[in-house]
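Written out below as structure tokens is the structure these notes cover.
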Amino acid sequence: MTARVFVPLVGANGEAARLFEAIADATEPPPHPARLLPQISELFDFGLYPVGQVAREAATRFIAARRQKLWLTRRNGRETPWNLRISDTEIGRLTEENSKSAGLALTIAAICQAFGRDPGVVFATGEIALPSAPGALTAHVAAVGGVRGKLALIGDYLVQHRKLLEGQKIVLALPAQSLDGRPLAEAEAATLKRLSEAAHGLGSTLQILFLNSLDDLETALGPFRLPEIVTPRRAAAAAAVALALAALAVGYKDIVNAPVALTFEPAVAGEIEKGAEPRRARYDQQRDKIVPLSPCYNAQREPLVVGGETLVFRVRAHDNFPLIASFRPARLFVVSVSRAADPVVLDSARFKAIGAADTAAGLTAAIPIEPVEDEIRLFVVATRDPGLDATRLQAELRSALHGLSGAAVLTTTTSFLADRLGNVVDYQFKVTNDASACSA
């Protein structure tokens, strides 16, 4: 493959106009007597060696930036060898001014050859300005003079080679700024319009690129990617790395979403004989203490709580993975839902611990019961999601219960929490205002 880019040159006085091609291919030139860099040694006789050095450095940095996107290592990309030369060996030795404006075309040719890309029909004029910051990889495109004359030269070429260019896509790469600091699109608007009309008359499309940097080339020519070098050894290494990462990702997902086993424990430490379910209690104002009461049941053996009393419960959280709580601790929420009232979701952080319970491994809480005859189901749910918000969860639950009543409210809440969080324990009881129904 050979990459070719047209270079229009016009002297400062508008004379000595010429159009030639910057060529990049894999053909290695013979060694130069002065031991010049082989990639650009053939530019020396035409006064293009200094600008060739800049173009070579800019192309090298452009390639290096794309190497950073390789999957394996930066050395794993296959770059096509490239050497620069020009098509017209009769132009003589160029002045420094003219040679600088050929920098953009030489660089584009080198880049396209390195990536194995056929640029198509491309005209380019512009000076390459290397970045001054250490390690910076983006080369910029600086303004050049004589742009109007160069555009006219390109227009003449389009007319003279209309049959060859008919129906083709033509790309014109220019600096974004003119020498006077104005946008080039504004400074040369009339000339560029005539050039576009000339291309349209050929049935061709002219795409004009106003480049601030070489990275802007990808707008028209598409992304430049180096093909990866695949060998059995590297393929095996890549597969091993991929499998390890996949296993790590799956393992991490399993760990951070590991279930939290929740169990009710005796509400009063040591009273194992009275069961592990929540307990009725009353608040003793004189002693500023919650006093447990005996369990109470109705004729159907449903737990009863008298309105105005307090319900005390302890829940223990068990982790199935050792040390998981150190980096993804469980978060507990208390959810209350009844036949007559809207559901309420509270973060366990809002509860005041009672006794010696370790709130990091569970929850001990006391909830005052309103004196309203009702049937209530109390849930304690656990999650490892640090972003779960109690207010949002409550809104979602209320939406799920909209339009429901009676027992459907309780069963739907159970399904909702089990599906949403998975780690749930619950306790259902009735509230009575008949104090004689339960003994102290």
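The values are calculated or read from the model by the stated rules, or taken from the named source; none is laboratory data. Please read these numbers as outputs of a predicted model, since none were measured by experiment. When we count neighbours, we look across all protein chains shown, and the Cβ atoms used for this are built from the backbone with ideal geometry, even at glycine.
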Residue pairs within 7 Å by beta carbon, gap of at least six or interchain, first lying in the range 401-425 and within 28 Å of Thr364 (Cβ to Cβ), second assigned to a strand (DSSP E or B) and among the acidic types (Asp, Glu), listed first then second, are Thr414/Asp426
Counting only residues that are crowded, with 18+ Cβ neighbours inside 10 Å and within 22 Å of Thr107 (Cα to Cα), the range 178-207 contains a total of 3
Cβ pairs under 9 Å, 6+ apart or interchain, first in the range 255-268 and in the same structural domain as His318 (by TED's automatic domain parsing) and more than 20 Å from Asp385 (Cα to Cα), second acidic (Asp, Glu) and modelled with pLDDT under 75, ordered by first then second residue, are Pro266/Glu273
Considering residues that are part of a loop (DSSP other than H, G, I, E, B), within 29 Å of the chain's Cα centre (by Cα) and of a type outside the set (A, V, I, L, M), the number found within the range 132-142 is 3
Scanning the range 267-298 residue by residue, those modelled with pLDDT of 80 or more and of a type in the set (A, V, I, L, M, F, W, C) turn out to be Ala281, Ile290, Val291, Leu293, Cys296
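Quick grid of which residues meet (1) surrounded by 15 or more Cβ atoms within 10 Å (Cβ to Cβ); (2) at pLDDT below 85:
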residue	(1), (2)
Arg4	yes, no
Pro8	yes, no
Gly11	yes, yes
Gly14	no, yes
Leu19	yes, no
Ala24	yes, no
Ala34	no, yes
Glu42	yes, no
Asp45	no, yes
Item to complete: Report yes if some residue within the range 83-106 is aliphatic (A, V, I, L, M), under 33 Å from the mean Cα position of the chain (by Cα) and either at pLDDT 90 or above or not in a strand (DSSP E or B) (or both); otherwise report no.
Response: yes
